[in-house]
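The values are calculated or read from the model by the stated rules, or taken from the named source; none is laboratory data. It should be emphasised that the depicted structure is a prediction, and the values quoted were computed from it without experimental measurement. Reconstructed Cβ throughout: ideal geometry from the backbone, glycine too, with neighbour counts over all protein chains shown. Each accessible area value is taken on the protein alone, full model and side chains, heavy atoms only, with ligands, DNA and RNA left out. Shrake-Rupley method; radii C 1.70, N 1.55, O 1.52, S 1.80 Å.
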Amino acid sequence: MTLGKQKNDEAFLIIMTLLNLVGCKLIQYNSDPEVRISAITLVNAPTHSDLAYIWLPTSNTGSKVLYREAFDNNVVNFSKKYNLTNLNPQAQRFFDSFIMKQGGAFNTKTGKLNLELIQTAMQYTFNNVKSAYPNINTLLVIQPQETSIKVIDGTANWNGVEQHIVTIPQKSVEFRPVISLAVQYYIPDGKNYDFEIGLDLHAPDLTDDSKYEQVIKHILSPIVLLKKEI
């Protein structure tokens, strides 16, 4: 447990105690997202521990930047725990450099991503990473998505995850903004696989490097070997 998480837990217990004294029933505060869907199975099982992933340029705007940073912090911690070689810094540099040389990722007329350029940049990135790490057969491509969901009695379920908030009173219905991840397993010699998974109902926490462990494990298990340290 990290110091930041310990402090959060202590604060939560104090809040729980005080509010229970006045008769309020609470649901867990600022909980980690819990994955509620089955594991993904690809045609080829993972054979190595080299992780190559990139973020699309849409992750560089607004609060998405902080969620990206929080996720990256979690991946660093997760990589240490499961003995992965985290190649994101190298892969991201290849991708960003290619995009910049082409004048940017967005269509100047529509403001939308130039999908043809993005596809070419993904291929370029994959080729360069694979030349240095021949085991790589999949490039993980991530794009954060913002949406609004219904939270019932303090519990949110969306895109395969469940998360909780404090609710006073316990019976309530509200709409809240959330962040999900659109994920693609880019496999040049095979069939790409796309899906979305929920990430967070709460504000990004840059001090908690294990909050997204279940989400990260769900995303990475199909493409890398997870060998947990003893």
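Excluding same-chain neighbours fewer than eight residues apart, the aspartates and glutamates reachable from LYS227 by a Cα-Cα span under 13 Å are ASP50.
Which trypsin sites (Lys or Arg not before Pro) in the stretch 145-228 sit in a loop by DSSP (not H, G, I, E or B) and have at most 10 other Cβ atoms within 10 Å of their own Cβ?
Here the sparse-neighbourhood loop sites are LYS171, LYS191, LYS228.
For the stretch 41-184, the Kirkwood estimate of hydrodynamic radius, built from reciprocal distances between every pair of different alpha carbons, is 17.4 Å. If you take all other residues with their beta carbon under 15 Å from the beta carbon of PHE195, and give Lys and Arg +1 and Asp and Glu -1, the sum is +1.
Between the listed residues THR61, THR41, THR85, the Cα displaced farthest toward the positive end of the dipole of the stretch 37-113, a dipole computed from Cβ unit charges relative to the Cα centre, is found at THR61. Only the Cβ atoms of Lys and Arg (+1) and of Asp and Glu (-1) were treated as charged; on that basis the dipole of the stretch 61-181 about its Cα centre amounts to roughly 200 debye. In plain terms, the chain from GLN92 to THR207 could stretch by 39.1 nm, reckoned as 0.36 nm per residue minus the Cα-Cα distance. In the neighborhood of ILE136, defined by Cβ-to-Cβ distances under 10 Å, what is the net charge if each Lys or Arg adds +1 and each Asp or Glu adds -1? Net local charge, ILE136 excluded: 0. The listed residues GLU69, GLU213 rank as GLU69, GLU213 when sorted by accessible area, largest first, using a 1.4 Å probe. The slack in the chain from GLN145 to THR110, taken as 0.36 nm per residue of separation less the alpha-carbon distance, amounts to 10.7 nm.
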